[in-house]
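Have a look at the structure below, then the notes.
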């Protein structure tokens, strides 16, 4: 395990601690030892309650079909949702799975600077999110078929995202798996040891954000696709979108740090088959370390010398430690 990864995991432990450093006591356990006891209603209640949530669904892997979206209450300082490597939360292809929004009054509006507050701190780990669908969701621009987060902090560890969806067209909607906005003090969303496959959305077939930084380590993005047409802003006569087959990042000052990660076989009808990175004021920066990007198709445009990438920022992305970009 690299020193960088150890630092990430140490930071995650800190995120899962109550103010003052004391561990959070288990708030809820979904299930009573059988698959039948692990229900959508139990997940929704546990997420609303906050704290550390674990699952006891028996010895075998289990799929929990979500009948409604689980929503984080803004009065909870932290939620750690840990599937133990055996739990799939399944959206049935019709609903978003997990939602956090510090500016949504329905989840309790706790401050007049809702766009920049430290909590809730959301950590998801050892979980699979499958067939989530945010199509038609319009709050804060929609997106995030598996997870939508605005405000607080988001960390994703050892989790899998399969076949998630959001709106097929649109100039800025994005993130078939994850959509992130307004992270506290622009601290990065952290993704460690996770996989994103088969996502489909107008932009960002896996992840999408506006003005949010990301630190992605030991992860993979394969077979994701942006589905829009007409780019951003939309060309006349088109619905817009089609950027970022795997990753779509937009805004002003933000960063991308990619390490020990593979992005392969993703497609964008417009720009950035692997990564679409546009810093509007040209202050954003990116570093790709010990990573491989290959066979990512940009059917419209990409930055010369960066196969699969469309990049506008303060300077070209740093490619270090053997990073390879292969057409």
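The values are calculated or read from the model by the stated rules, or taken from the named source; none is laboratory data. Quick caveat: nothing in here was measured; it's all calculated off a predicted structure. Virtual Cβ from ideal backbone geometry, glycine too; neighbours counted across all protein chains shown.
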query = Residues in the stretch 218-228: is at least one buried (at least 18 other Cβ atoms within 10 Å of the Cβ), over 16 Å from the mean Cα position of the chain (by Cα), at negative phi and modelled with pLDDT of 95 or more?
reply = yes
message = Scan the stretch 231-248 and tell me whether some residue there is surrounded by fewer than 24 Cβ atoms within 10 Å (Cβ to Cβ) and either closer than 21 Å to residue 163 by Cα or within 15 Å of the chain's Cα centre (by Cα) (or both).
response = no
key: Filter result for residue 276 (within 13 Å of residue 226 (Cβ to Cβ) and part of a strand (DSSP E or B))   = yes
key: Residue check, residue 284 surrounded by fewer than 21 Cβ atoms within 10 Å (Cβ to Cβ), at pLDDT 95 or above and out of contact with any helix residue (DSSP H, G or I) (no Cβ under 8 Å at 6 or more places or on another chain)   = no
ask   = Just a yes or no: is a residue in the stretch 14-31 at pLDDT below 95, exposed (fewer than 14 other Cβ atoms within 10 Å of the Cβ) and assigned to a helix (DSSP H, G or I)?
value = yes
message = Given the criteria free of Cβ contacts under 8 Å to residues at least 12 places away in the same chain and farther than 23 Å from residue 183 by Cα, does residue 294 qualify?
response = no
ask   = Scanning for something touching a helix residue (DSSP H, G or I) at 6+ places or on another chain (Cβ under 7 Å) and in a strand (DSSP E or B), does the stretch 246-259 turn up at least one residue?
value = yes
task = Go through 154, 127 for me and flag whichever is surrounded by 24 or more Cβ atoms within 10 Å (Cβ to Cβ), in a strand (DSSP E or B) and either touching a residue at least 60 places away in the same chain (Cβ under 8 Å) or more than 12 Å from the chain's Cα centre (by Cα) (or both).
result = 127
